[in-house]
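Novice: One structure, as structure tokens, below. Some questions next.
Read-outs: derived from the displayed coordinates by stated rules, not from any lab. This structure is a prediction, so every number in the text was calculated from the model and none was measured. Virtual Cβ from ideal backbone geometry, glycine too; neighbours counted across all protein chains shown.
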Amino acid sequence: MSTPDYSRILYKISGEALMGSQPFGIDPAMVERVASDVVEARQTGVSIALVVGGGNIFRGVQLAARGADRVTGDHMGMLAIIMNALSLRMAFEDQGVPTTVLSGLAVPQVCDSFTQRGMIAARDAGDVLIFAGGTGSPYFTSDTGAALRAAEFGADAIFKGTQVDGVYSADPRKDKSATRYDALTHDDLLEQRLGIMDASAVALSRDNGIDLVVFSIHKPGELARVLRGGGTFTRVSAS
């Protein structure tokens with residue numbers, strides 16, 4: 001069995017992934033499967049934290065595009081992220097895994113607020129950490145929030161589970177001639193505008209020496225396989 005290349009990772013999951021086969025909302029079966037994948041991956045000895053998006057419930061940017069207040073819309077999106085984080089926490093706890101949710105948006109009746117001290121305490125106790133509520137500030141995407149939390153967590157890499165099995169030159173679901181890349185640099189992503197993460201998130205990852213590993217979330221057990229060097233993925237690194 002291969003030894004993982006990373007000792008500590010942040011797993012970024014899109015909110016849409018939690019819909020499963022549903023057109024909207026949270027599919028409990030998909031949430032349970034995502035949690036099971038993380039539990040399996042932890043058996044490699046890698047420390048794992050998670051960030052989840054909120055697009056399965058609400059997208060503040062879409063509301064703002066129709067003329068609504070952007071700040072209010074972004075706060076609504078952060079609340080959607082918190083809902084997804086709480087559903088994941090329940091799934092982990094059902095499997096007997098200690099889990100801590102830390103939110104960038106203060107909702108003390110629901111979960112703890114993010115602090116560096118709280119994060120370190122939960123990380124060192126061996127809990128699965130779920131960072132919720134984005135950065136707590138408007139105008140930042142969940143990708144940028146993931147890159148920020150990865151740096152604070154001390155992650156070696158951000159693992160991004162997506163709808164496809166890596167980074168392509170175009171959307172392979174729309175363009176059958178799209179090329180899949182095995183390896184890229186952060187600068188490649190920025191210069192070619194490949195769009196797997198927003199530019200701020202890519203630059204923040206690059207500047208903090210954090211690799212990006214992109215793979216399909218739809219293959220059960222793929223997270224652990226990729227951690228061990230198997231599976232199908234694209235690795236984005238400094239060189």
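Novice: Restricting to the chain, compute how many DSSP beta bridges are antiparallel as a %, nearest 5.
Specialist: Counting DSSP beta bridges with both partners in the chain, the antiparallel share is about 15 percent.
Novice: Under 8 Å for C-alpha pairs, at least 6 residues apart: give me the relative contact order for the range 59-202, rounded to a whole percent.
Specialist: 17
Novice: Additional query: Report the semi-axes of the equivalent ellipsoid for the range 127-190 in whole Å, largest first, where each axis is √(5λ) for an eigenvalue λ of the Cα gyration tensor.
Specialist: Result for the range 127-190: semi-axes of 27, 14, 12 Å.
Novice: Would you be so kind as to identify all helices of the chain, as entire DSSP H runs, whose Cα atoms reach 18 Å or more along the helix's own axis and whose mean Kyte-Doolittle hydropathy is at least 0.5?
Specialist: none
Novice: Assuming 0.36 nm per residue, please report the length gained on full extension of the stretch Asp69 to Ala29 beyond their Cα-Cα distance.
Specialist: Length difference between fully extended and current span is 10.9 nm.
Novice: What are the semi-axes of the equivalent ellipsoid for the range 1-131, taken as the square roots of 5 times the Cα gyration tensor eigenvalues, largest first, in whole Å?
Specialist: 27, 18, 13
Novice: A follow-up question, please. Pop the C-beta distance of Arg8 and Lys219 into the FRET formula with R0 = 25 Å and round what comes out to the nearest 0.05.
Specialist: So the FRET efficiency works out to roughly 0.65.
Novice: For the chain, what is the mean residue ellipticity at 222 nm derived from helices alone (per DSSP H run of n ≥ 4: -39500 (n - 2.57); sum divided by total residues; nearest 500 deg cm²/dmol)?
Specialist: Calculated from helices alone, the mean residue ellipticity at 222 nm is -11500 deg cm²/dmol.
Novice: First measure r as the distance between the Cβ atoms of Thr232 and Gln22, then evaluate 1/(1 + (r/R0)^6) with R0 = 35 Å and state the FRET efficiency to the nearest 0.05. Could the numbers behind the result be given before it?
Specialist: On the way: r = 26 Å, r/R0 = 0.73.
Here the calculated transfer efficiency is 0.85.
Novice: In terms of modelled amide H atoms, which long-range or inter-chain residues lie less than 5 Å from the amide H of Tyr11?
Specialist: Excluding prolines and chain starts, which carry no amide H, the hits are Ala49, Leu50, Val51, Phe159.
Novice: Here is a follow-up. Per 0.36 nm of contour for each residue apart, how much would the distance between Ala170 and Ser137 grow if the chain were fully extended, relative to their Cα-Cα spacing?
Specialist: Between Ala170 and Ser137, full extension yields an extra 8.8 nm.
Novice: Which peptide among 87-97, 132-142, 9-19 comes first, and what is the full order, when sorted by highest mean count of other Cβ atoms within 10 Å?
Specialist: My ranking of the peptides, most packed first, is 9-19, 132-142, 87-97.
Novice: Once fully extended, how much extra length lies between Gln116 and Ala183, figured as 0.36 nm per residue of separation less the alpha-carbon to alpha-carbon distance?
Specialist: Values: separation 67, 0.36 × 67 = 24.12 nm, distance 3.23 nm.
Contour length minus Cα-Cα distance gives 20.9 nm.
Novice: Cα convex hull of the range 8-237: mean projected area in nm², to one decimal? Mind showing how you got there, number by number?
Specialist: Values: hull surface 48.8 nm².
The orientation-averaged projected area of the Cα hull of the range 8-237 comes to 12.2 nm².
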